[in-house]
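Student: Sharing a structure here in structure tokens format.
The values are calculated or read from the model by the stated rules, or taken from the named source; none is laboratory data. Keep in mind that what you see is a predicted model, and the values were worked out from it rather than measured. Here the Cβ is made from the backbone with ideal geometry for all residues, glycine too, and neighbour counts use every protein chain on show.
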Amino acid sequence: MTLGQFLEFYCFNIKLTCRARDCNKDMLDHERSFFHYKGRLNISVKNWRLLDKSPLRDTNMTHDQIYVWQQCKICKLSSHQVVPLAEESWRYSFGKYLENTFYGESPTCSACQSSIWRDYMKYFYYNDTVVIFEYETITLMDVVVPSLKSIACAHECLNLLRTKDIANLQREILNVRLELTECFYNVIVADL
């Protein structure tokens with residue numbers, strides 16, 4: 001799939017609806033994210049009139065073409081020059097675009113030397129809709145299974161519950177839940 005095909009089908013397609021159960025929203029009301037390694041590419045769709053500092057306000061455009069501009073998130077340098085998406089860019093592989101976003105090292109911003117792939121917000125405009133691509137670094141976390149000691153502690157607590165009378169049963173269940181929650185919280189905090 002090319003970058004242009006992705007934009008036209010998944011971002012600018014007003015007929016596309018969400019396939020998730022119990023979601024009655026259009027896909028335009030969703031934000032997409034692509035995760036890889038230590039990063040996430042967020043793709044949001046907005047009405048261009050709602051953007052505060054849109055460079056589109058002073059631009060004469062046709063409604064049958066995709067336009068593009070970008071802005072550095074570090075130094076706020078913006079290419080307020082809104083240009084039509086070149087045919088070569090439309091045909092650029094979306095997979096390659098993602099690869100460059102997650103691994104690309106060059107080129108860099110002329111003002112602050114930040115990465116154009118990761119530190120720039122990319123804007124794509126078509127028919128009063130703006131798609132915003134924004135990369136962010138994420139912290140990778142691991143899933144940690146509770147230790148056997150925690151499981152043994154839970155079994156001991158359950159054995160104590162069996163010896164209590166029914167009136168105290170609900171209170172003991174709440175205490176066990178709180179202890180298990182605290183154990184789980186301590187394990188997560190320790191891994192951070």
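For (1) at pLDDT 70 or above; (2) touching a strand residue (DSSP E or B) at 6+ places or on another chain (Cβ under 6 Å); (3) of a type in the set (D, E, K, R), each residue gets a yes or a no:
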position	(1), (2), (3)
D58	no, no, yes
W69	yes, yes, no
E134	yes, yes, yes
C157	no, no, no
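Student: Can you pull out every residue in the range 14-27 that is polar (S, T, N, Q) and within 20 Å of the chain's Cα centre (by Cα)?
Tutor: Quick first cut of the range 14-27, residues polar (S, T, N, Q) only: 17, 24.
Across the range 14-27, the qualifying residue is only T17.
Student: List the residue pairs whose Cβ atoms are under 6 Å apart, where the first residue sits in the range 31-44 and is free of Cβ contacts under 8 Å to residues at least 40 places away in the same chain and in the same structural domain as L98 (by TED's automatic domain parsing), the second is of a type in the set (S, T, Y) and assigned to a strand (DSSP E or B), and the two are 6 or more positions apart or on different chains.
Tutor: Close Cβ pairs (under 6 Å, with a partner that is of a type in the set (S, T, Y) and assigned to a strand (DSSP E or B)) amount to E31/S44.
Student: Follow-up. Do you know which of the residues in the range 9-54 that are in contact with a Phe, Trp or Tyr (Cβ under 8 Å, 6 or more places away or on another chain), outside any strand (DSSP E or B) and of a type outside the set (A, V, I, L, M) is surrounded by the most Cβ atoms within 10 Å (Cβ to Cβ)?
Tutor: Going through the qualifying residues, I end up with C11.
Student: If you don't mind, there's one more thing I want to ask. Taking S110, is it among the small types (G, A, S) and exposed (fewer than 15 other Cβ atoms within 10 Å of the Cβ)? Quick ask: steps written out before the conclusion?
Tutor: Numbers: among the small types (G, A, S): yes; exposed (fewer than 15 other Cβ atoms within 10 Å of the Cβ): yes.
Taking the combined requirement at face value, the residue satisfies it.
Student: Follow-up question, since we're still on this one. Has the range 84-95 got at least one residue that is of a type in the set (G, A, S), closer than 30 Å to Q113 by Cβ, at pLDDT 80 or above and surrounded by fewer than 13 Cβ atoms within 10 Å (Cβ to Cβ)? I'd like the intermediate steps shown before the answer.
Tutor: Just the residues of the range 84-95 that are of a type in the set (G, A, S), to begin with: 86, 89, 93, 95.
Going one step further and asking which of them are closer than 30 Å to Q113 by Cβ, we end up with 86, 89, 93, 95.
Cutting the leftovers down to at pLDDT 80 or above gives us 86, 89, 93, 95.
This time we only want the ones that are surrounded by fewer than 13 Cβ atoms within 10 Å (Cβ to Cβ), so: 86, 95.
So far as the range 84-95 goes, yes, one or more of its residues are of a type in the set (G, A, S), closer than 30 Å to Q113 by Cβ, at pLDDT 80 or above and surrounded by fewer than 13 Cβ atoms within 10 Å (Cβ to Cβ).
Student: If a residue has to be among the hydrophobic types (A, V, I, L, M, F, W, C) and over 22 Å from I138 (Cα atoms) to count, how many in the range 92-108 make the cut?
Tutor: Going through the range 92-108, the residues among the hydrophobic types (A, V, I, L, M, F, W, C) turn out to be 94, 98, 102.
Pick out the ones that are also over 22 Å from I138 (Cα atoms) and you get none.
Within the range 92-108, residues that are among the hydrophobic types (A, V, I, L, M, F, W, C) and over 22 Å from I138 (Cα atoms) number 0.
Student: So in the range 7-37, with the set limited to residues that are acidic (D, E) and over 19 Å from V68 (Cβ atoms), which one is modelled with the highest pLDDT?
Tutor: Just the residues of the range 7-37 that are acidic (D, E), to begin with: 8, 22, 26, 29, 31.
With over 19 Å from V68 (Cβ atoms) added as a condition, the list becomes 22, 26, 29, 31.
Values: D22: 84, D26: 80, D29: 80, E31: 88.
The residue in question is E31.
Student: Same structure, new question: Looking at this structure, is F124 under 13 Å from L3 (Cα atoms), assigned to a strand (DSSP E or B) and under 16 Å from the mean Cα position of the chain (by Cα)?
Tutor: no
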